[in-house]
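*Asks:* Dropping the structure in here first, questions after.
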Amino acid sequence: MEERTDGGNGSFQIDLESFSLAQSAAAHAVRYVANSEFNQAVLFFEDGSYLQFEHKGRESRWAKASAERTQAERACLGMSHFRLNALHLQLYFEDGSDVEFTL
């Protein structure tokens, strides 16, 4: 994240483009829940959207956003893969960043 002062008037701007995809997902996530087997989970975002995850072996592994043009879809489109287990939900992004969510 880059901060810049703007002209001497005391205001500053934050360059939001410098946030990693992981930082953005973490900043907008509000709740994480998983089932007792830790093979299904949901990550909720502040705009009301959510990401659903399933990992039931190699035959069923997916992530899906609840709606288009939402924080969940932006996170989903930027993900390269995820890890879901009893320890955490970890999201890995195309830009090389990652974020972990725990219960």
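The values are calculated or read from the model by the stated rules, or taken from the named source; none is laboratory data. Not measured: the values here are computed from a predicted model. Heads up, the Cβs are rebuilt from the backbone with ideal geometry, glycines too, and the neighbour counts pull from every protein chain shown.
*Asks:* Kindly provide the set of residues from the range 81-90 that are among the hydrophobic types (A, V, I, L, M, F, W, C) and either closer than 12 Å to Gln52 by Cα or part of a strand (DSSP E or B) (or both), ordered by number.
*Replies:* Phe82, Leu84, Leu89 - these are the residues of the range 81-90 that are among the hydrophobic types (A, V, I, L, M, F, W, C) and either closer than 12 Å to Gln52 by Cα or part of a strand (DSSP E or B) (or both).
*Asks:* Another question, then. Residues of the range 45-101 being at pLDDT 95 or above and acidic (Asp, Glu), which ones?
*Replies:* Across the range 45-101, the qualifying residues are Glu46, Asp47, Glu54, Glu68, Glu73, Glu94, Asp95, Asp98, Glu100.
*Asks:* Among the candidates Arg31, Arg58, which residue alone is of a type outside the set (A, V, I, L, M, F, W, C), part of a strand (DSSP E or B), exposed (fewer than 12 other Cβ atoms within 10 Å of the Cβ) and out of contact with any Lys or Arg (no Cβ under 8 Å at 6 or more places or on another chain)?
*Replies:* One residue alone meets the criteria, Arg31.
*Asks:* Here is a follow-up. Specify the residue that is nearest to the chain's Cα centre (by Cα); the eligible residues are those in the range 61-80 that are surrounded by 12 or more Cβ atoms within 10 Å (Cβ to Cβ) and part of a strand (DSSP E or B).
*Replies:* Met79
*Asks:* Still on this structure: For residues that are touching a strand residue (DSSP E or B) at 6+ places or on another chain (Cβ under 7 Å) and without any contact (Cβ under 8 Å) to a residue 12 or more places away in the chain, scanning just the range 36-82, find the one that is nearest to Val99 (Cα to Cα).
*Replies:* His81
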